[in-house]
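The structure appears right after this line, and notes come after that.
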């Protein structure tokens, strides 16, 4: 794609379970600048945009200063399928993408050609001789049409259906990719956690942890206090994990919330360790020394500090601004990485 200095990007759209985020960038001589951003709560739907959401969505874009009709939309997580496929090395001249497509279709019992695929090689320090491993992600043609249709209906052009994990890595690569050894990026969302690992400047591993999202902690608070989801989220957000006392709460309430939060963080930590066992096997002699937190759940008070206490390793909350994106206040919003990364699509894949 030919990018001119000063040209606005497509609008990157992150369709989260409970919130919608959107971002538009300009490429300047000194890097990326966020020129329009939005992060607002959904009142309907939890995946693709439904027709009743579209008027509000367009109004948000208009008020926030977005322009143009080009969009890049993330694949809602429930629609995404993923696999690692063994293939001949690239030097063999074999039709690797066709091999991966056929194997992917076999694994998921789909007809060949019925899926939109993203294929990339997974570099490794340890691999079987004569083979390469390919990361294959796909969305069915029917699901892709479901994502695109709401935008088509209002005259918007969907330039790409993008992968959330790849989008986050585009933004965070300047920091995560500069680590001297393995670095892990944890995007803590509502319905799960996206784990990505960097090695030698490249994202080499993605995994979705469906049991670690913030909804798990909020559900625990709902049951413990017999309150609704909104109240539970507010209580958890105010007390956090390490706060000595919660503003406006008695000591017993604070202690119970802290206990729930720590139980959640400990479960998350063990899920991370299990997932990293595979990575460490592929990169013998390497260690993960730095962990970076993004996503709405990274805002939970004390989470990074408590995970650091458990692991004995550095956990840091990472904002788009710390990754070199310039602009207004929204570059400090840890939930904006994915939308900003979608807006970078086609430019800074770095692979």
Quickly run through segment 84-102 and pick out the residues that are touching a helix residue (DSSP H, G or I) at 6+ places or on another chain (Cβ under 7 Å) and part of a helix (DSSP H, G or I).
-> 90, 96
Which residue out of 81, 63, 19 is under 17 Å from the mean Cα position of the chain (by Cα) and farther than 26 Å from residue 233 by Cα?
-> 81
Is there a residue being in contact with a helix residue (DSSP H, G or I) (Cβ under 8 Å, 6 or more places away or on another chain) and either in contact (Cβ under 8 Å) with a residue 12 or more places away in the chain or over 21 Å from residue 238 (Cβ atoms) (or both) anywhere in segment 268-278?
-> yes
Filter result for the condition that a residue is more than 25 Å from residue 239 (Cβ to Cβ) and in contact (Cβ under 8 Å) with a residue 12 or more places away in the chain, over 321, 341, 297 | 341
Tell me, yes or no, whether segment 143-150 has at least one residue that is part of a strand (DSSP E or B), crowded, with 16+ Cβ neighbours inside 10 Å and touching a strand residue (DSSP E or B) at 6+ places or on another chain (Cβ under 6 Å).
-> no
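The numbers here are math on the coordinates, done by the rules we state, and not lab data. No experiment lies behind these values; they were computed from the predicted model shown. Cβ: placed from backbone, ideal geometry, glycine included. Neighbour counts: every protein chain shown.
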